[in-house]
Amino acid sequence: MTTKFKTLTLAAALAASLGLAGCATGSGSSGGNTMPMDHGSSAPMSSMMPDANADHNQADIMFSQMMIPHHQQAVEMSDILLAKPDIPAPVASLATRIKDAQTPEIKQMTGWLEGWNVPTMMGDHSGHGMGGMVDDDGIARLRAAQGTDAARLFLQQMTGHHEGAIDMARQEISSGKYPQTIQLARDIIKAQEAEITEMKELLAGF
């Protein structure tokens with residue numbers, strides 16, 4: 001992803017976060033993102049924008065609102081894989097670790113957003129800025145796959161999913177203000193870069 005493209009994508013995400021927070025939920029995007037975007041509230045525009053003296057800024061809000069459904073999909077994908085028989089033990093172990101790491105992070109980000117009195121997810125349900133999200137067809141293929149094929153597909157999909165999360169986390173580090181959110185972004189980068197390396201090594205073994 002080029003710097004110019006990431007800038008345009010994040011600008012679109014910011015516009016979506018600010019302009020579409022009160023819109024009614026649609027039927028989903030053409031990209032088929034599987035995570036529904038719950039608007040959380042019909043808070044007025046003023047409540048979406050922290051004042052200059054706040055301990056957080058709009059980048060912190062956007063990061064949390066986007067990373068929640070991104071993490072939710074990673075947990076969903078892990079659950080799908082773990083429900084299948086005959087999954088190689090190293091891949092099942094990785095899926096368990098991803099689920100165990102990201103579930104509490106969802107709760108942490110939700111708590112921040114509730115404390116800031118903003119919706120817990122972006123009002124725009126199109127998935128702007130959430131790189132690596134797996135579309136409906138990809139999730140359906142993961143559900144249908146079995147054994148080694150399921151493990152391989154999970155690793156391929158989750159590698160791209162992690163890469164998208166890392167891009168989002170890097171943007172938070174460069175633009176965010178809230179120390180805990182920035183630290184979470186750093187933790188995500190560290191953990192998911194290591195998992196990408198692990199997944200590529202596992203894929204090489206198939």
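Could we say that Asp86 is modelled with pLDDT of 95 or more, outside any helix (DSSP H, G or I) and surrounded by fewer than 16 Cβ atoms within 10 Å (Cβ to Cβ) here? The answer is yes for Asp86. Could you tell me whether Pro36 is closer than 23 Å to Val134 by Cβ, out of contact with any Asp or Glu (no Cβ under 7 Å at 6 or more places or on another chain) and modelled with pLDDT under 95? Considered against the rule, which asks whether it is closer than 23 Å to Val134 by Cβ, out of contact with any Asp or Glu (no Cβ under 7 Å at 6 or more places or on another chain) and modelled with pLDDT under 95, Pro36 comes out as yes.
For the range 57-68, the set of residues classified as touching a helix residue (DSSP H, G or I) at 6+ places or on another chain (Cβ under 7 Å) and not in a helix (DSSP H, G or I) is empty.
The values are calculated or read from the model by the stated rules, or taken from the named source; none is laboratory data. Keep in mind the model is a prediction, meaning the values are calculated, not measured. Every residue, glycine as well, gets a Cβ built from its backbone with ideal geometry; the counts of neighbours run over all protein chains shown.
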